[in-house]
Amino acid sequence: MEFNEVIKSRRSIRRFKSDPIPDSAINEIMDAARLAPSGLNLQSGRYIVVKDPSVRKEISQTTPSHFISTAPVIIVCCMDTKAFETTGARIKELADIGAFVGTSFEKYNSEDFFANVDPFLLKANLMLNGTIAVENILLKATDLGLGSCWIATFDQEKLKKIVGLEDRYEILTILPIGYPDQNPGPRPRLPLNEIILKEI
């Protein structure tokens, strides 16, 4: 599918066919997440792919969006809160491939990046990186003829127990993935002149 068409045709899907999703499609979707950009290339996103119907049912009880159990796959999208511990290695990788050549980052090290940064902002940065990858998942699913819905309301602790997550991980969202059993129309969107505040 052409890229603009993918963006325009993506919808939140809440009814799914029971048809299984080929492993090749799941691999393409997860690779799209892997290739997402992230600050300093920290790649904080981590994922649990849930196919087991009984586990999907359990997961659906942690959210008001019970319909997610009808999707043949649920992707639990997480953030590794310890990703910053790899900053030195990631910066070296970026420097080695020339990402900083000719910029003010050329002589930086990991201590320089985090010298006076609020810990809240560091965590927010990891969350933003993770959600960029989630958007890649949604767009790749659309490209493959699949549907999904970004689920942001759930019981974090119950869900972590169900999927057996260590404390270092936080769940960002749950994504049911499947072939759509509905064809909703485009969502109303504000015109450009309402979202562009000004040009300076």
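The values are calculated or read from the model by the stated rules, or taken from the named source; none is laboratory data. Predicted, not measured: the structure shown is a model, and the values here were computed from it. Neighbour counts run over all protein chains shown; Cβ positions are idealised from the backbone, glycine included. SASA here: full protein model, heavy atoms, side chains in, ligands and nucleic acids out. Shrake-Rupley method; radii C 1.70, N 1.55, O 1.52, S 1.80 Å.
For the range 30-84, which whole percent of the accessible surface, found with a 1.4 angstrom probe, sits on carbon and sulfur atoms?
56
Of ASP23, ASP181, ASP52, which is the most mobile in a GNM of the chain whose springs link Cα atoms less than 10 angstrom apart?
ASP23
So for the chain, averaging the separation of alpha carbon pairs under 8 Å that are six or more residues apart and normalising by length, what relative contact order in percent results?
Details: 286 pairs, mean separation 75.4, N = 200.
Reported as a whole number, the value is 38 percent.
Which angle from 0 to 90°, rounded to the nearest 10, does the C-alpha axis of helix 87-96 make with the longest principal axis of the chain?
The two axes meet at around 70 degrees.
Within the set LYS82/LYS160; LYS51/LYS123; LYS17/LYS140, which residue pairs have Cα atoms separated by over 20 Å?
On the way: LYS82/LYS160 17 Å; LYS51/LYS123 30 Å; LYS17/LYS140 18 Å.
The pairs that break the limit, which is 20 Å between Cα atoms, are LYS51/LYS123.
By its C-alpha gyration tensor, with a ≥ b ≥ c as the square roots of the eigenvalues, how is the range 26-142 shaped: rounded for a/c under 1.5, else prolate for a/b larger than b/c, else oblate?
On the way: a/c = 3.29, a/b = 2.13, b/c = 1.54.
Taking the square roots of the gyration eigenvalues as a ≥ b ≥ c, the range 26-142 is prolate.
Antiparallel DSSP bridges in the chain: what percent, to the nearest 5? Intermediate values should be presented prior to the final figure.
On the way: 18 of 19 bridges.
Restricted to the chain, the bridges split so that about 95 percent are antiparallel.
Just the accessible area per residue of the chain, please: how many Å² with a 1.4 Å probe?
Per-residue value: 59 Å².
Of (i) 14.3; (ii) 12.2; (iii) 10.5, which is the value of mean projected area of the Cα convex hull in nm² derived from the coordinates here?
Working out mean projected area of the Cα convex hull in nm² from the coordinates points to (i).
Compute the acute angle (0 to 90°) between the alpha-carbon long axis of helix 23-34 and the principal axis of greatest extent of the alpha-carbon atoms of the chain; round to the nearest 10°.
On a 0 to 90 degree scale, this one is about 30.
Counting Lys +1, Arg +1, Asp -1, Glu -1, what net charge surrounds MET1 among other residues with beta carbon under 15 Å of its beta carbon?
That sum, taken over residues with Cβ under 15 Å, equals 0.
Sorting check: for 149-157, 8-16, which peptide has the highest mean count of neighbouring beta carbons within 10 Å, and how do the rest follow?
Final packing ranking: 8-16, 149-157.
At 222 nm, what helix-only mean residue ellipticity would the chain give, in deg cm²/dmol to the nearest 500, using -39500 (n - 2.57) for each DSSP H run of four or more? Can you show the working numbers first?
Values: 8 runs with 78 residues, N = 200.
Taken over the chain, the calculation gives -11500 deg cm²/dmol.
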